[in-house]
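Below is one structure, written out as structure tokens; comments come after it.
Bear in mind these aren't lab numbers, they're just calculated from the coordinates by the rules spelled out. Quick caveat, the model's predicted, so the values are computed rather than measured. FYI the Cβ positions are ideal-geometry reconstructions off the backbone, even for glycines, and counts take in every protein chain you see.
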Amino acid sequence: MWSSMLLVTSTLFIPLEIYIPFLTERYQDIFSPYSSGIRAAFYGTIWVMLIAMISSVPISVGAAIYLEEYAKPTKTTKLIQALVTNLAGVPSIVFGMFGLAIFVKQGGIGWGLGPSILAAGLTMGVMAMPIIVLASQEALRSVPRSLRESAYGVGCTQWQVTKDHVLPSAMPGIMTGSILAMSRIMGEAAPLVVVGATAMIVFDPEPLAGLLGGNVNFTVIPIQIYFWTSEPDPAWHAMAAAASISLIALLVAMNSIAIVLRQHFRRRLN
């Protein structure tokens, strides 16, 4: 436990005490690439991931609980299960087109959020839902049937059995599915290009600009890496490599937090 806490602390907090212009500079200098930074893209990645997970995890876990614990094996539920399974393999660009039509565009069924971080986060949340639903279903199926029968035997209701016995036992598996979904969200670029991520911004992104107004432009680290690698100057290629390392470090840090939470639930279960 202490080694896990030390890993998270050293990954998240110690670098904050070190001044690294590459991480703190938001401006892009076309004449001096090494003076540029990824601050705006870094914050954009964090906000997109947080909005995606907040919007997708509760709905996905609730859907998995309904399909596994409450829904009867009818043709409708079998159709829903087949749709969820197929959605997990849909190319990410298709989710980008869905987000463009539903979250970005104004009119019809569109929410009119514009090319904002909120629209991007909701789009990535929709893309993560099938992965979390399938992983949560497998985790719920792994809970022994005898645990449910024992709880019913002492007079628990179905909701009490699900909430107090089945869900805590399945939580480590649910956390694993959430980690996989989060990893996919952080590395995707195609859906974000479709919903309006720009190549370069010189200000910190505003996560609620799509609702409250303001500057909705944003970018993320994968988009920044793509455009830097397309530049002819080799210095930009070195900057893209540094941004890739930063993205990997961010992914390791966020996954470490999720792993610590998963181990916490496993210890409680034991």
(request) Given the peptides 257-268, 143-154, arrange them by the average over their residues of other C-beta atoms within 10 Å, most packed first. (result) 257-268, 143-154
(message) Which one, 121, 256, 147, projects farthest toward the positive side of the charge dipole computed for the chain from Cβ point charges (K/R +1, D/E -1)?
(response) 147
(request) Describe numerically, in nm with one decimal, the distance between label points set 7 Å from Cα along Cα→Cβ at residue 147 and at residue 2. (result) 3.1
(request) Have a look at 77, 162, 219 and tell me which one the Gaussian network model of the chain (Cα, springs below 10 Å) gives the largest fluctuation. (result) 77
(message) Pick from 231, 188, 69 the residue whose mean-square fluctuation is largest in a GNM of the chain, springs joining Cα atoms under 10 Å.
(response) 231
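To the nearest 20 debye, what charge dipole does the chain have about its Cα centre, counting +1 at the Cβ of each Lys and Arg and -1 at the Cβ of each Asp and Glu? Don't jump to the answer; show the numbers that get you there.
Details: 15 positive and 13 negative charges, 233 e Å.
Roughly 1120 debye, rounded to the nearest 20.
Can you tell me the relative contact order of segment 2-269? Whole percent, Cα pairs under 8 Å, sequence separation 6 or more. Don't skip to the end; give the middle numbers.
On the way: 386 pairs, mean separation 69.7, N = 268.
Result for segment 2-269 is 26 percent.
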(message) Amide H of residue 111 versus every other amide H placed in the peptide plane: which residues, excluding those fewer than 5 positions away on the same chain, fall under 5 Å?
(response) 103, 104, 105
(request) Calculate the radius of gyration of the Cα atoms of the chain to one decimal place, then report Dmax, the largest Cα-Cα distance, as a whole number, both in Å. (result) 21.1, 74
(request) Quick one: among 118, 212, 251, which has the greatest mean-square fluctuation in a GNM of the chain with alpha-carbon springs under 10 angstrom? (result) 212
(request) Work out how much length residue 248 to residue 50 would gain on full extension: take 0.36 nm times their residue separation and subtract the Cα-Cα distance, in nm to one decimal. (result) 69.6 nm
